[in-house]
Every structure is written in C-alpha cells, then in structure tokens.
C-alpha cells in the first residue's frame with residue numbers, strides 16, 4: 001500500500017479542478033480552532049460507520065479498516081432509487097454475509113435505508129445531466145447536486161440511532177473516495193468532504209464529528225488509488241469480482257460504460273486478473289439492431 005507525504009498530497013490537490021485551496025485551508029483552520037486537529041484515525045477497537053455502495057472501493061475499504069486499523073465497522077447502504085439498485089444490493093448482500101463470517105467480531109450487519117436521491121419529481125432532469133461536463137476544459141461533471149452531503153446526513157442519523165438504541169457513540173463516518181473520483185465530481189474532492197465535516201459539526205453543535213475517505217486523507221498521509229485497493233483485495237483473497245461498477249442495468253457488467261471502463265483500467269494498472277463477468281459485446285450490437293428495426297417498423301406503421 002502506498003503512503004504519501006502531506007507535501008505530495010498537497011501538490012496533487014493543487015492540480016485538481018474540483019479542489020479549492022482557500023476554502024480547504026479556511027475550514028481546516030476552523031476545525032483546528034474548535035478541537036485542535038483536522039482529522040484523526042479513530043483509536044484501535046473504536047467503531048465507525050462506512051457508506052457502502054457495493055463497489056470495489058467501499059467493499060475493500062471495509063477489509064482495510066478492520067485488518068489494518070482494527071476498527072469495528074458499521075456499514076450503511078442507501079437505496080436511493082438508482083436504476084442499478086438490484087445489482088448493487090446483490091453485491092452488498094454477498095459481502096454482508098462474507099464479512100460476517102470473515103470478521104465476526106468487528107464487522108456488523110449492513111443497515112439499509114430507502115429514500116430517493118434526487119426526488120422523483122425532479123429525478124429525470126437531474127439524472128440526465130449528471131454525466132455532462134460543466135465545461136469542455138475540465139472533466140468535472142454536474143453530478144447529483146449535494147449528493148455526498150445527502151448520503152452523509154443519513155449516516156449521521158444512523159449514528160444517533162445506534163447511540164439511542166445501543167448506547168454506542170460513533171462520531172466518524174467514512175466514504176471510500178479515491179483520488180481519481182475528484183476529477184469528475186466535486187463532492188468527492190477533499191474540499192467537498194471537509195465542507196461536509198464542518199457542516200456536520202455546526203448543525204449538531206458537536207465538533208467531535210469526522211467525515212472523510214481514508215484514501216485521500218492528507219492528515220493520515222494516505223493517497224491510495226483504486227489499483228491499490230484491488231491489490232489489497234487480491235492479497236487477502238477477497239472476491240471483488242462480486243462487486244458492482246456498471247452504470248447499466250444488466251445481470252452482468254456491460255463492459256463498455258464509464259464504470260466498467262474504469263474498472264478494467266485499474267485491474268490492468270494493478271496487474272491483477274479481472275475475474276468480472278462482462279456482457280458479451282455481440283449482445284449489445286444485437287440489441288441495437290433490434291432497436292433500429294423496431295424504430296423502422298414504427299415509422300412504416302405511421303405512414
């Protein structure tokens with residue numbers, strides 16, 4: 001696993017379009033003033049919440065938090081109306097059982113929440129623009145506005161639920177963003193995550209709250225990519241071929257969308273065999289031909 005210095009991380013941050021150094025410094029100054037530090041990895045045997053999506057990053061992060069940092073992990077899965085929810089849930093359910101057996105003392109059953117992000121009334125427009133570039137000169141996309149904030153708000157409420165029902169006080173929430181994520185979505189940038197953390201503290205009047213991804217956290221001198229996580233999973237024999245990355249609703253990964261493309265690129269970068277089952281390309285071509293024929297038939301009927 002690669003561990004970077006703060007200077008190296010700061011240098012990388014400066015190159016990211018989604019980062020705002022002035023805001024980042026200002027937020028960190030407030031946190032230092034209020035509690036004396038920006039972010040600390042919780043002590044051994046502490047409990048944390050992680051946002052679980054069923055993808056490679058969040059699934060593998062659970063293993064790392066348990067094995068490397070000796071933490072108790074409480075995952076939360078948000079069923080937010082995504083078209084691929086069944087595929088993501090299948091991954092979540094598989095690894096929920098897998099980790100309960102692998103880490104019976106430190107892994108705790110996944111908590112599932114049903115909601116709609118964005119709301120149904122505006123979903124069609126928001127989703128249709130989510131992957132569109134904000135400007136041609138940058139890879140940054142519109143995404144779902146305040147997406148990470150919305151997800152984290154449910155995790156905060158889950159923490160209070162655990163406190164009220166199990167007398168368990170959790171104040172650290174993790175996501176599993178990696179450096180490449182911030183190239184497209186601002187909410188995955190360190191600036192975005194710092195703003196969410198400060199918001200959590202201000203709105204609860206509790207400055208012990210922490211939110212970050214350990215893999216872009218300069219206070220931990222960590223800067224890990226998806227390929228590093230794939231290597232870890234391979235070393236620990238974690239069956240990450242069961243995770244889900246595809247943006248298309250299929251039984252198998254389509255192999256051609258942005259999610260699948262990124263998945264394949266990072267397996268190659270990690271020099272790890274990709275055991276993912278991808279949908280044969282000829283099926284996609286056949287589907288397009290059928291769709292084209294149906295369109296022609298409809299046009300003839302109208303004539």
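The values are calculated or read from the model by the stated rules, or taken from the named source; none is laboratory data. These numbers come from a predicted model, not from an experiment. No Cβ is skipped: glycine too gets one built from the backbone with ideal geometry, and neighbour counts run over all protein chains shown.
Just a few scattered comments:
- Lone qualifier among 241, 183 - being surrounded by fewer than 22 Cβ atoms within 10 Å (Cβ to Cβ) and farther than 24 Å from residue 89 by Cβ: 183
- First in the range 92-104 and more than 17 Å from residue 67 (Cα to Cα), second anywhere and modelled with pLDDT of 95 or more and part of a helix (DSSP H, G or I), Cβ under 7 Å, 6 or more apart: 94/242
- Flag set for residue 216, criterion: modelled with pLDDT under 95, touching a helix residue (DSSP H, G or I) at 6+ places or on another chain (Cβ under 6 Å), surrounded by 11 or more Cβ atoms within 10 Å (Cβ to Cβ) and closer than 25 Å to residue 189 by Cα.
- In this structure, residue 48 qualifies as in contact with a strand residue (DSSP E or B) (Cβ under 7 Å, 6 or more places away or on another chain) and in contact (Cβ under 8 Å) with a residue 12 or more places away in the chain.
- Any hit, the range 40-57, residues being over 22 Å from residue 163 (Cβ atoms) and surrounded by fewer than 18 Cβ atoms within 10 Å (Cβ to Cβ): no
- Residue in the range 119-129 that is loosely packed, with under 15 Cβ neighbours inside 10 Å and either under 23 Å from residue 59 (Cα atoms) or in contact with a strand residue (DSSP E or B) (Cβ under 9 Å, 6 or more places away or on another chain) (or both) present: yes
- Any hit, the range 95-107, residues being under 27 Å from residue 63 (Cα atoms), modelled with pLDDT of 95 or more, within 19 Å of the chain's Cα centre (by Cα) and not in a helix (DSSP H, G or I): yes
- Selection count where residues are more than 15 Å from the chain's Cα centre (by Cα) and closer than 24 Å to residue 190 by Cβ, scope the range 234-246: 0
- Filter result for the condition that a residue is at pLDDT below 90, in a helix (DSSP H, G or I), out of contact with any strand residue (DSSP E or B) (no Cβ under 9 Å at 6 or more places or on another chain) and farther than 30 Å from residue 158 by Cβ, over 282, 261: 282
- Cβ-Cβ under 6 Å pairs, at least 6 apart or on other chains, the range 75-87 side surrounded by fewer than 17 Cβ atoms within 10 Å (Cβ to Cβ), far side assigned to a helix (DSSP H, G or I): 79/85
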